[in-house]
Amino acid sequence: MSPDFDPHANFSDPAIGVHTRGCGCAMHSRRLFTGAVLGAGASLALPAWADGVQLDNRSSLAQLVPAEQIEAAATRQYRQMLQQAAQQHALAPDNHPQLVRLRAIAQRIIPFTGAPNLKSTQRAAAWKWEVNLIGSKQINAFCMPGGKIAFFYGILDQLKISDDEVAVVMGHEMAHALREHARERMGKTAATNTAIELGAAIFGLGNGGRYLANMGGQLLTLRFSREDESEADKVGLDLAARAGYDPHAGVTLWQKMAAASKGAPPQWLSTHPAGATRIQEIEHNLPAVEPLYARADKPTQRFAPPTATLKQQDGGAQGSAIR
């Protein structure tokens, strides 16, 4: 394990700082997790049953912005973020126990991202998923278009979340990418601005170049709607249950979030449905995913959240209370 990694580095990428005020999920090294195992997992045959949560069709407004452009911009922004994190000693090495944990959970979830009821983008079958861990006290996680996932150390350390709760968070973040929420929001923005600018963006002409050039920054400052967040909660429960993680963890997760926020939502939750309403919605959707969990193969390996001893091993940094 690299002695240079500081799990409480307070990673200070300006773009991420803005991002966490919005979707926080996008709750968004050059070390890549192109993962032959994960890449192969995405194409595994799905179980015959396809029940689970029920979702509406994705908005046609997403079609107004090229998916290829968004995914390319997301990849560039993700690389820049990882490079900046590495320079600040805030990028976890591949053998960090919590990064190993995150990648193991992702391995179990990814094969189910194409479940028919989720109506995910067909492009996800070819995504090269990546998972990285950023040293910061922030309670934050995100998944960018194209399957680029990042967790901030604070969400693991300060909330002491279980594997089941990690799976719910990860499924929620992956849902934003699978359901193309960013593409839809950007399509709405483009349609609201001007048809001329939109047309130029689609065909690569004139002022549209600026629109596409700025796309990466938009992905990190994008604010999802509460409808998007509620839908991501549903998908997160579904994915976690199919992967063998207890979907009831969605309730305990948000109870921990509420306790940590002391009445005011952390940045990651700024656009999410509030408190009791969110938990009620999760509880309402549990009957749809409980059969998935009952039939699912359960993980044979379980991981623990960060401990005081581990933090000392990670560089001696001590955690601080949530403000």
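The distance between label points at residue 290 and residue 226 comes to 2.7 nm (points 7 Å beyond Cα on the Cα→Cβ vector). Here the extension length gained between residue 95 and residue 125 equals 8.1 nm, from 0.36 nm per residue of separation less the Cα-Cα distance. Each Lys or Arg adds one and each Asp or Glu subtracts one; over the other residues with Cβ under 12 Å from the Cβ of residue 253, this totals -2. In this simple spin-label approximation, residue 57 and residue 160 carry label points 7 Å from Cα along the Cα→Cβ vector, and these lie 4.8 nm apart.
Between residue 280 and residue 304, the FRET efficiency estimated from the beta carbon spacing at R0 = 22 angstrom works out to 0.15. Simple spin-label estimate for residue 117 and residue 76 gives 3.9 nm between the two label positions (7 Å along the Cα-to-Cβ direction from each Cα).
Just so you know, all these numbers are worked out from the coordinates, no wet-lab data involved. Remember, predicted model here, so these are calculated numbers, not experimental data. FYI the Cβ positions are ideal-geometry reconstructions off the backbone, even for glycines, and counts take in every protein chain you see.
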